[in-house]
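Beneath this line is the structure, given in structure tokens, with notes to follow.
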Amino acid sequence: MFHREINQTFRQLRKTQILTMCLSIIKIVLRFSLLIQIQKTVDSISLNNLNVTQGYLKSCIWLLVIFFLMNCIFQYFFRNLQYTSHYTLMKSLFGLAFEKDYSFHMKYVPSAVLSMIKDDSKFIADWNSIGVILITGHVMTLVMAFLLMLHYNVVITAVIFLFILFCFVVTHFISKKIGNKTYDLQVSNTELNQRMMDYLGGVKDVKQYKKESFFQKRLSDFIDGNTYKHSKSISQYYSVFTSTYAMLTVALPILTILIGAILILNNQYTIGELIATYVLVGNLQEPVQVIPDYLNQRRQALKMQNKIMPILEDNSISYAHEKLDAFQEFSFHSDAYVFEDGKVILKDIDFTIQKGEPVIIKGESGKGKSSLLNLISRFCGTDGQAVSMEYNGIPVETIAPDVYYQHVLQGQQLPYIFRDTVQENITLGEAVDEETLKEVIHTVCMEEFVGMKGLDYLLEQDGENISGGQKQRIGLARVLVRRPDILMLDEPTSALDPELINMITERIVKYCERYQIALVLVSHNDSFEKYYQRAEAGQVKMIQV
């Protein structure tokens, strides 16, 4: 059975599916009606009955025109349903993936999530959208074809039925094998994508240490020993599958003509019936191939569902607090935080943050400064850890994340820049008035950049067309414009020019004081610490880790 999220996604396409199914049935009925009329036309010609022949010919022409129009309509809805269903499922899965907790995105790399959403979902979408329609149509074609042939002659129908049954059993068996290998190949392709992205992501080190041939060999070995092995097996199975189908398309029509000719000589068959049977045999070939193939695709779709189950699983948690009062105090307590490898950080750390209070986190590299910010940001879990945090006396883990992030935000040291305008990268689609936008642009010293480029300047993916310092300032503007109660910054000026550091430091401090934002900082260049000592008479809380 398919997951309820998948069923829910395709429920909105149900009307289109029913309409397409009805069009398919009408098309099949028209095709067989046309075939019967052609058979009658041929038999009337052989009897030299011209008046009757003319009537049949008119019926054939009308049926042919109607069939053409109906087939055009059907093909439009059929193809549109196939494409729409995949896009609909991708949108649904993308939304579900984004709703997942941060731990999900730490566990599954973007390439793996992309493969689930884009590639694996195609099997599921095809079956749930057009699979049932195709199988229903082809089963109906088989039944109507055999009933019509049975009406013409029992002997020839029995021979054709046995031949078709043999081919169906063979193709069905092979389709199952192909399905299993296709799933293995899909898993291998996902791993292949991850490896290529991993190797290409480290291209600077690869070039610097001249390791092109090393990584090329590793990728080649994986393809030869894994991916190619699966594709080779699929090729072998397909060779038997297509050969069986070829036998069906070549041998069965010849067999039909030979048996039909014998029956005609014995006056047990007419020429029109032989032509009709010959055409019917041609109609049987596609169902014999498609039905096993799509039954196999259903099995593949269910396997792919298991593969994307991390996205489909409902890991939602019920939180006791869906609303927070105005911020007063945040408390942090840690006896120790232990990593999986046994490394211990944040031993005996205990502090509070008051509204509008500046805090600087100090400590040697590797002692847990960034981890502390990630804990407060809920990017790291506290299950099984001797760590507790409270917002206004409320345990942080009992607060709904979307509510929590309205009050507590962390500016990223290496902010991600989306392929969008400067303004959209700052606001992320939120409505921000012009004065507020100007204020944060001034605070992060981007007046000159915006003056030259404009807010509608298109930034490339991950900011490839701007400098590291400009990326960092856009990230700062993104978090400042939201005016959280607690703002955490990890090395906020690490990518900036020395002449800009002091100016931005002062402007950020003034901005936070103006809006009573508690500023929590990790900074190695001491620009904020020096500013507080010089301009604020040392009015800043220092936390040593």
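Rule-based calculations on the coordinates, nothing more; no lab input. Quantities reported herein were computed from a predicted structural model and do not represent experimental measurements. A quick note on method: Cβ atoms are made from the backbone with ideal geometry, for glycine too, and the neighbour counts reach across all protein chains shown.
Between Lys207 and Asp433, what FRET efficiency comes out of the Förster formula 1/(1 + (r/R0)^6) with R0 = 45 Å and r the beta carbon distance, rounded to 0.05?
Approximately 0.45, to the nearest 0.05.
Could you order peptides 71-77, 410-416 by the average number of other Cβ atoms within 10 Å of their residues, highest first?
Numbers: 71-77: 15.1, 410-416: 17.3.
Going from most to least packed, we get 410-416, 71-77.
Would you mind estimating how fast region 1-124 diffuses translationally, via Stokes-Einstein at 20 °C and 1.002 mPa s with the Kirkwood radius over Cα pairs, in µm²/s? Please list the in-between numbers first.
Details: Rh = 18.3 Å.
Result for D is 117 µm²/s.
Let me have the relative contact order for region 4-311, percent, based on Cα pairs under 8 Å that are six or more residues apart.
Over region 4-311, the number comes to 30 percent.
How far, in nm, would the chain grow between Val250 and Leu162 when pulled straight, counting 0.36 nm per residue and subtracting the alpha carbon separation?
Details: separation 88, 0.36 × 88 = 31.68 nm, distance 1.60 nm.
Taking Val250 through Leu162 to full extension adds about 30.1 nm, to one decimal.
Grab the alpha carbons of region 228-342, take their convex hull, and tell me the volume per residue in Å³.
Numbers: hull volume 26.8 nm³, N = 115.
About 233 Å³ per residue, rounded to a whole number.
Expressed in nm to one decimal, what extension gain is obtained for the pair Ser467 and Thr16 from 0.36 nm per residue of sequence separation less their Cα-Cα distance?
The Ser467-Thr16 span can extend by a further 157.4 nm.
If you plug each phi of region 103-111 into the Karplus form 6.51 cos²θ - 1.76 cosθ + 1.60 with θ = phi - 60°, what whole-Hz ³J(HN,Hα) values come out, in order, with x for Gly and Pro?
4, 4, 6, 6, 7, 10, 5, x, 5
At 222 nm, what helix-only mean residue ellipticity would the chain give, in deg cm²/dmol to the nearest 500, using -39500 (n - 2.57) for each DSSP H run of four or more?
Helices in the chain give a 222 nm mean residue ellipticity of -21000 deg cm²/dmol.
Give me, ordered by chain and number, the residues 5 or more places off Met488 or on other chains with an amide H under 5 Å from its own placed amide H.
Here Leu409, Gln410, Gly411, Val520 satisfy the definition.
Using a 10 Å cut-off on Cβ atoms, rank the peptides 200-209, 152-161 from the highest mean neighbour count down.
Highest-to-lowest ranking by the protection proxy: 152-161, 200-209.
Angle check, please: helix 132-152 long axis (alpha carbons) against the longest principal axis of the chain (alpha carbons), in degrees 0 to 90, nearest 10.
0 degrees
Could you list, in their original order, any pairs among Lys100/Lys229; Lys323/Lys355; Lys204/Lys471; Lys100/Lys307; Lys15/Lys122; Lys100/Lys181 whose Cα atoms are separated by more than 24 Å?
In this structure, Lys100/Lys229; Lys100/Lys181 exceed 24 Å between Cα atoms.
Using modelled backbone amide H atoms (1.01 Å from N, in-plane), which distant-in-sequence or interchain residues come within less than 5 Å of Ser523's amide H?
For Ser523, whose amide H was placed from the backbone, the distant partners under 5 Å are Ile361, Glu491.
Output ³J(HN,Hα) for region 360-370: one whole-Hz value per residue in order, computed from phi by the Karplus curve 6.51 cos²θ - 1.76 cosθ + 1.60 with θ = phi - 60°, and x for Gly and Pro.
Using θ = phi - 60°, the values come out as 10, 8, 10, x, 5, 4, x, 8, x, 4, 5 Hz.
If you take the beta carbon distance between Gln406 and Val155 as r and set R0 to 51 Å, what does 1/(1 + (r/R0)^6) give as a FRET efficiency, to the nearest 0.05? Working shown, then result.
Numbers: r = 79 Å, r/R0 = 1.55.
Efficiency computed from Cβ-Cβ geometry: 0.05.
So how much slack lies between Arg483 and Ser235, counting 0.36 nm per residue of separation and subtracting their Cα-Cα distance, in nm?
Extra length available between Arg483 and Ser235 comes to 83.3 nm.
Largest first and in whole Å, give the semi-axes of region 142-213's equivalent ellipsoid, each being the square root of 5 times a Cα gyration tensor eigenvalue. Don't skip to the end; give the middle numbers.
Numbers: eigenvalues 649, 22, 14 Å².
Value: 57, 10, 8 Å, ordered largest first.
Could you sort the peptides 429-437, 515-523 by per-residue average Cβ neighbour count (10 Å cutoff), highest mean leading?
Numbers: 429-437: 10.0, 515-523: 21.2.
For the peptides 429-437, 515-523, the packing ranking is 515-523, 429-437.
Alpha carbons only, please: Rg and Dmax for region 329-544, in angstrom.
Rg then Dmax for region 329-544, in Å: 17.5, 52.
Return a whole-number percent for the relative contact order of the chain, with Cα pairs under 8 Å and 6 or more residues apart as the contact set.
Rounded, it is 15 percent for the chain.
Could you work out, for the chain, what percent of all Cα-Cα pairs fall into each 10 Å distance bin, beginning at 0 Å and stopping at the bin that holds the largest distance?
Pair shares across the bins are 3, 13, 17, 18, 14, 11, 9, 7, 5, 2, 1, 0.
Taking amide hydrogens as modeled 1.01 Å from N in the peptide plane, which residues meet the under 5 Å criterion relative to Leu13, leaving out close sequence neighbours?
none
Can you compute 3J(HN,Hα) from phi for each residue in region 483-490, using the Karplus curve 6.51 cos²θ - 1.76 cosθ + 1.60 with θ = phi - 60°, rounded to whole Hz and x for Gly and Pro?
6, x, 6, 10, 10, 9, 10, 10
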